[in-house]
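To start, the structure itself, in structure tokens.
The values are calculated or read from the model by the stated rules, or taken from the named source; none is laboratory data. Not measured: the values here are computed from a predicted model. Here the Cβ positions follow ideal geometry from the backbone for every residue, glycine too, while neighbour counts run over all protein chains shown. These accessible areas exclude ligands, DNA and RNA; they are computed on the full protein's heavy atoms, side chains included. Shrake-Rupley method; radii C 1.70, N 1.55, O 1.52, S 1.80 Å.
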Amino acid sequence: MATNSNVFTDKETNNWFKACIALNVTKEGLTNFVDKEIKKVHNAIGRSCGNCLTENLVKCPTKGTCKQFANCNFHNSITKRTRQCPRNLCNSVMKNIITQHRYNGPSWINTNAKQWSTNHWQIAKCFFPPDGYINVSSVQATDFNGVISVLLNCKHFDNCFSFTIAPKEPAPKCVLTQARELGRTIRHTPDCKVTDAELVDYLHTLDTLLADPKFLAQDPAATLARTKLANLQKDGVILTKAEFDEYLKELHRLLIKAQQTGEQISLAKESVLQEISTYMNVHTTDGLLEIEKKTHEAIQRIGKEVIKQTTANYEQASQEFARRIKRFYAENLMHVPVSPLLPSCDKDLREMYVTPIIYRIEQLQDGSRKKTDQIYTYKDIICQEDMSIRRVFLQGEPGTGKSTFAAKLVLDWCSELPQSKDPYEQDAEFDDVTSLHEFKFVFHIALRNSIDQREIETMIKDQIIDMIYAKEDRSDACKLVQQIFEKEKCLLVQDGLDDWVDSKGKVAQPIMIPHGNQCTIFITTRPWKMSDDRIKDSQIDGLVELDGVNDPFKLSERIMGCLVFDELEGKHDEFKTHIMKTCGLKELITSPMMVALLVCSWLDGIHLKGSLCEIYSILIDSLIKKASNITGYFHPPPVKCFKDTNYIQPNIAFIQALSKTAFALLFSDAKESSIVFSENILLSYVSNEHKNFALKAGILLERKTSGFTKRSITCSFIHKTLQEFLAAYHIARNEKMIDDVIFRYLNAFSDAFLEISQVFVFLCGLNIKAANQLSCLINQKTKAIGPDTDVSRKLQHMVINGYEEANANQYTHKDICLQLTHFYFDYTVNKDQNALSCIMEANASRVLSLGVADRAETSAQACVLRDAHVLSKLIKSVCKCLKYLYLDVDIVEKKMDLSSCRKLETVCVNGAVNLSRGCFLTLTDLKHLTLTLCCTWNRLDLSSCQHLRTLDLSGPGTLLPTALNSLKRLEHLTLSCACVGLDLSHCHEIETIELRGEITLQPKTLSKLTKLTSIVLYRTNKIFLKNYKTPEKFTLPLAPSIKHLKLVHCNLQSDVLCHLFDTLSMFDRNVTCTLYALIIFEKDQERIRHTGNQTYKACIHLICDEDSFFLYEALENMRIRSLSLESVNDLSIFQETIKTITGLEKLRIVVNTFAIVNTCTKAGFELPLSVNHMLLVFLSLTPSGLQVQLDKLKEGTQNCLDVVLMFGCEGPLDQYKNILTQLEAFTNVHFEKYEILDRRNIHSYKTDVTDDDAEKNDLRNLEDDSKEDTNFIRKVRFQAEKIIKIALHFN
């Protein structure tokens, strides 16, 4: 039940009560807006620690908060004394709050700093009046004065209103200041009276505030509040009974509170208080119940009268109309053309129909539109929140299937069975026929057939009534339709709004006389029509977009089934293969029109040529046909692909103008407007007549974009490839553009040659001479690109596509002179390399790099280049300029000779290739050599390769000890072969060494390499780095320049490891040492320690995959900056060891399950004071075990420590979460993240224990430690998953 605001006998007292209600209504209208913006302020101000009190942060004394240092009422206990935040987070937040305050005087008494990280309204309370709001915790609990104070005092809102907040005098007061003052006036009026003029002024001020155009004008809550204010002024009904009672009680409490606090109450106020009490006692009981009862009875009587208005004659006539209109739809909408090229050949729509892809379009606050969720049912189109909406627009590009979808919708309404019973359609989408049956009648209007009509009623008469009724019955039928619109729930389908134009030019949509509120209008149109300013946003209740069909190959099969009578399956498979392999076609087939066009073209044999130019010529010809039916032919055609077209020749001037536009936009420096461009830019190239022709043909598209002050129209071609084809046509007709516009464009953008790759392919088919010229230009710009890179392969692919397009357009091998310098034959990707071979033959004198890859296992897959003679001949043919050679083939029957390629700088052989011993003697320019896997290079001679900088040898060969003596410039060495006593003494420039296998070095070799920074040793066991004269002794002399040392699968004695750590610690730089899969034996002799006098200069970053007793023994008393252990098996020894380590700052460990079991009752988890960051992982942990470990960590940590905690759970998840609530109480330990690895379900729960608004579960937020932590955790998760699976298997 609703009520009004006339409560008091005195009119001015009633006005005062209305003013009080107006303040509350305005506050409610501001609530959502203020709450949302304060959340933004909360995020911007930063995160607090959650442990500091407000009193801890405020200095004593502080103006407005505490007045004196001694006996301060604000800092009245030890825990409330002023101190610095331990993490310096809260002080930073406090500083940011002061910066945001307009007068630099936040209300510290109101706010609770412990809740700053969790409750955004505690931040808002800093901008409240000085006191009186301590217990307020939300915007809903805040009064009008508090909300207005936030808007006035917080600088964030300067950008949220159209006016200047709190301007300095003599400028007039802003609306917010006026609102605050009138609020004070209303609350503190001495006699509770407000005149009519004052009430009008108050309501106007509040309405002005709520109507501010910047944000509030678009806020639903503010709009509703404005409606209530307007009704309040008219004495209209604005409140429900519950709202009215609540306002009255609030006013009563306010007056009682003033009386209790000793405020002087005038006689007038006492009278008002008495009147409120009387009203509440009388009108909230029997009186209101009686009014509600009578109102209910009146509504029932009215309803009965409405029901009596229906007659039997109307029911009979409407049923007959429904029967006729359904039969009419079945006859006229059931058939659709198979293809735009065959308009007279139509088939049953059910045979052709394929489910469309439809997305909802959301209208954003700034007026722009955004594609959101995909729609799968009719209900989601015509309803919102289970209620039918008034007007729905379905937009879609030309040929995407808008009209077909509209027809299918109407036919589904006609059907009495669910769509799943349809024998032709198996899709489950849009099968909710019952949603359509909610409409008693559906009217389908093809607007293209009513261009000269303005009113819907006239269109219905011409397109429906005249078709289903005799002439003498049509007048009664028209009256019946009017009754139907007034009484029944109807759906009006208007198909093709873009085809209809008002004859008087006044309206954008057909005129429909209002007939009640039960009619839903469903309109299909192209997107450009939605740019009409006469279509207001308020007229768009729903907007969806059709993006083509979900399964285009299902549609192509159905189209082909209507045109082919035998071998359908085989032919369709060929067609599908053709589409997938032909560049540029896959992007077109989502459009039903394009699918039909491609099927018809393919059946006509165009696919045999493989010419994209011809396909796009047919496309343009078909599109022009939609705008003009004038035919003509070329004698001769300007380009070969125009030969068999019918409609291009009469409109060649239009094509030339549009192609010039496409070129100018595509090669413009303003890339942001090259694809989507404004109407003004378009009209600077073409006439308005040509623009309209292109829109009508569907070659151009037009869309509306919205802004706060104006709306603009953007245009684009129907598809980027069509724009590229037209641009290529312009180049073909104007070759001078290559050395002019395109030359400048390629200079301006480094990757431009890839962006115009499709233009290049089209140009090869249109004008090979111009394409050769452009190829030369591109090749000059790309010579510096490295061989065998992604860019070089894309460039090669572009040239191959261009060559094939030229061939498809009957250009001869002599005509095609496309240039390319980097060649890569990859038979594992593309077996047919004939085009590339032809291109390389034409570029023999330009080839800089050559790659051949073919590791096919069967002889049937083997390429011709597997033949050593053929391959050698190929290499010799391009040896003149060849600098890079990559071979990944198996050729063992003959030795390869590279001596003719004297300019080679890089050689990489990865396969069973037999190289002659002296094949590198003539390669004096060689800089990089890689011989891997089965390559045979026994006793290789590299004496002539004095410029070699990188050497990677891997295979069964044996390296001579002096083989590297001449490599004085060698910088990077990787060996995985056999060599005894390798001499590296002449390699003074070497920086990195990686050694595997049966290799020994000359004694003290490494200590003499002063530039050596990195050593990696794999599986060296007993024979690596030992003195080959005394094999039993293992030593590791290192140069002081070492920065990285990695040992993998090595067998070491513990004293050697101790000696290694001592050696690394004496260097003048920090060293990273990685130990994986080491087998550490017991030491032979005692380790000599000088703990009292020894000084460690370096800090070691140590990474180990697994601990051991001997590892811990080697780590005692060492200086380690960071330690990562991926498997801790003995937690007690680990804890004892880390106590002795000095300088330890970062610790990352994974603790195994049995390690926890064995130590769960021992002493606390003590860490060195220097540790400030720890990543702690337990692969398995029970709830009680988690409690024990947290207690240990809390007891053993004396300094501030950042922790990332991960553990595998072995119990109910809720028990863990309850324990983890204790983390906030840790004083010295700050948990940045914790993650629960669920061993039972083999997936993770990630949880952030800090601010909810932060980016949760993202380990990249760990600042400086992020990269190392992320890599470490990636390994841990993989390891944990293996352990979990094993545990599940045994359980």
- Within segment 701-741, residues buried (at least 22 other Cβ atoms within 10 Å of the Cβ), hydrophobic (A, V, I, L, M, F, W, C) and at pLDDT 90 or above come out as F725, L726, A727, A728, I731, A732
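Please work out if C519 is in contact with a Cys (Cβ under 6 Å, 6 or more places away or on another chain) and among the hydrophobic types (A, V, I, L, M, F, W, C). Break it down into steps so the answer makes sense when it comes.
Working: in contact with a Cys (Cβ under 6 Å, 6 or more places away or on another chain): yes; among the hydrophobic types (A, V, I, L, M, F, W, C): yes.
Yes: the conditions hold for C519.
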- Query: Which residues, taken from segment 643-674, are more than 18 Å from G698 (Cα to Cα), aliphatic (A, V, I, L, M) and surrounded by fewer than 20 Cβ atoms within 10 Å (Cβ to Cβ)?
  - Reply: A664, A670
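Before we move on, is H1059 under 28 Å from L1006 (Cα atoms), at pLDDT 75 or above, open to solvent by 30 Å² or more (accessible area, probe 1.4 Å) and touching a strand residue (DSSP E or B) at 6+ places or on another chain (Cβ under 6 Å)? Give the steps one after another, and end with the answer.
Details: under 28 Å from L1006 (Cα atoms): yes; at pLDDT 75 or above: yes; open to solvent by 30 Å² or more (accessible area, probe 1.4 Å): yes; touching a strand residue (DSSP E or B) at 6+ places or on another chain (Cβ under 6 Å): no.
Here the answer is no, as H1059 does not meet what is asked.
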- Residue ranges of helices (runs of 4 or more DSSP H) in segment 275-374 with at least 3 members at pLDDT 60 or above: 312-332, 349-352
- Task: Of the conditions (1) modelled with pLDDT under 90; (2) in contact with a Gly (Cβ under 8 Å, 6 or more places away or on another chain), K59 clears all except one; give me its number.
- Result: (2)
- Task: Scan segment 863-875 and give yes if some residue there is under 28 Å from N779 (Cα atoms), modelled with pLDDT of 85 or more and either open to solvent by less than 70 Å² (accessible area, probe 1.4 Å) or hydroxyl-bearing (S, T, Y) (or both), otherwise no.
- Result: no
- Message: Considering only residues that are open to solvent by less than 60 Å² (accessible area, probe 1.4 Å), in contact (Cβ under 8 Å) with a residue 40 or more places away in the chain and touching a Gly at 6+ places or on another chain (Cβ under 8 Å), which ones fall in segment 122-144?
- Response: F144
- Query: Can you pull out the residues in segment 1188-1205 that are over 35 Å from the mean Cα position of the chain (by Cα) and touching a residue at least 40 places away in the same chain (Cβ under 8 Å)?
  - Reply: C1200
- Message: Conditions first: (1) closer than 23 Å to N14 by Cα; (2) in a helix (DSSP H, G or I); (3) of a type in the set (A, V, I, L, M, F, W, C). A217 passes all but one, so which condition is the exception?
- Response: (1)
- Query: Does A748 count as surrounded by fewer than 24 Cβ atoms within 10 Å (Cβ to Cβ), closer than 27 Å to V791 by Cβ and not polar (S, T, N, Q)?
  - Reply: yes
- Residue set N76, N56, N112; condition open to solvent by less than 50 Å² (accessible area, probe 1.4 Å) and over 33 Å from the mean Cα position of the chain (by Cα); output residue N56
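Restricting the search to segment 920-940, which residues are in a loop (DSSP other than H, G, I, E, B) and either open to solvent by 50 Å² or more (accessible area, probe 1.4 Å) or at pLDDT 80 or above (or both)?
Just the residues of segment 920-940 that are in a loop (DSSP other than H, G, I, E, B), to begin with: 920-927, 933-935, 937-940.
Within segment 920-940, F920, L921, T922, L923, T924, D925, L926, K927, L933, C934, N938, R939 qualify.
Rundown of residues vs (1) more than 24 Å from L850 (Cα to Cα); (2) open to solvent by less than 30 Å² (accessible area, probe 1.4 Å); (3) in contact with a Lys or Arg (Cβ under 9 Å, 6 or more places away or on another chain), yes/no style:
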residue: S757; (1), (2), (3): no, no, yes
residue: L766; (1), (2), (3): yes, yes, yes
residue: Q773; (1), (2), (3): no, no, no
residue: C776; (1), (2), (3): no, no, no
residue: Y803; (1), (2), (3): no, yes, no
- Item | Subset of segment 500-519 (residues that are open to solvent by less than 30 Å² (accessible area, probe 1.4 Å), more than 30 Å from K626 (Cβ to Cβ) and within 42 Å of the chain's Cα centre (by Cα)) | C519
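I need a count of the residues in segment 958-996 that are within 47 Å of the chain's Cα centre (by Cα) and open to solvent by 10 Å² or more (accessible area, probe 1.4 Å). Full working, then the answer.
Going residue by residue through segment 958-996, those that are within 47 Å of the chain's Cα centre (by Cα) are 970-976, 989-996.
In the following step, the residues that additionally are open to solvent by 10 Å² or more (accessible area, probe 1.4 Å) were identified as 971-972, 974, 976, 989, 991-992, 994, 996.
Here the count works out to 9.
Could you pull out the residue among T208, T223, T185 that is part of a helix (DSSP H, G or I), farther than 30 Å from D10 by Cα and not small (G, A, S)?
On the way: T208 fails: farther than 30 Å from D10 by Cα; T185 fails: farther than 30 Å from D10 by Cα.
From the options T208, T223, T185, the qualifying one is T223.
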- Go through segment 835-862 and give me each residue that's of a type outside the set (A, V, I, L, M) and either assigned to a helix (DSSP H, G or I) or at pLDDT 70 or above (or both). S837, C838, E841, N843, S845, R846, S849, G851, D854, S859, Q861
- Query: Within segment 427-499, which helices (runs of 4 or more DSSP H) (wholly inside it) include 1 or more residues that are open to solvent by 40 Å² or more (accessible area, probe 1.4 Å), in contact with a helix residue (DSSP H, G or I) (Cβ under 7 Å, 6 or more places away or on another chain) and farther than 16 Å from I513 by Cβ?
  - Reply: 474-487
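I'm checking my understanding of the structure. Among residues of segment 998-1016 that are under 49 Å from the mean Cα position of the chain (by Cα) and among the hydroxyl-bearing types (S, T, Y), which one is surrounded by the fewest Cβ atoms within 10 Å (Cβ to Cβ)? First the steps, then the outcome.
Narrowing segment 998-1016 to residues under 49 Å from the mean Cα position of the chain (by Cα): 1010-1016.
In the following step, the residues that additionally are among the hydroxyl-bearing types (S, T, Y) were identified as 1010, 1013-1014.
Details: T1010: 11, T1013: 17, S1014: 16.
So the residue we want is T1010.
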- Query: Residue check, A784 against (1) outside any helix (DSSP H, G or I); (2) among the hydrophobic types (A, V, I, L, M, F, W, C); (3) modelled with pLDDT of 90 or more, all met but one. Which one?
  - Reply: (3)
- When residues of segment 948-977 are filtered for being in a loop (DSSP other than H, G, I, E, B) and in contact with a Ser or Thr (Cβ under 7 Å, 6 or more places away or on another chain), how many remain? 2
- Taking G610 and the conditions (1) out of contact with any Ser or Thr (no Cβ under 9 Å at 6 or more places or on another chain); (2) surrounded by fewer than 21 Cβ atoms within 10 Å (Cβ to Cβ); (3) modelled with pLDDT under 85; (4) of a type outside the set (D, E, K, R), which numbered condition does it fall short on, given that it satisfies the others? (1)
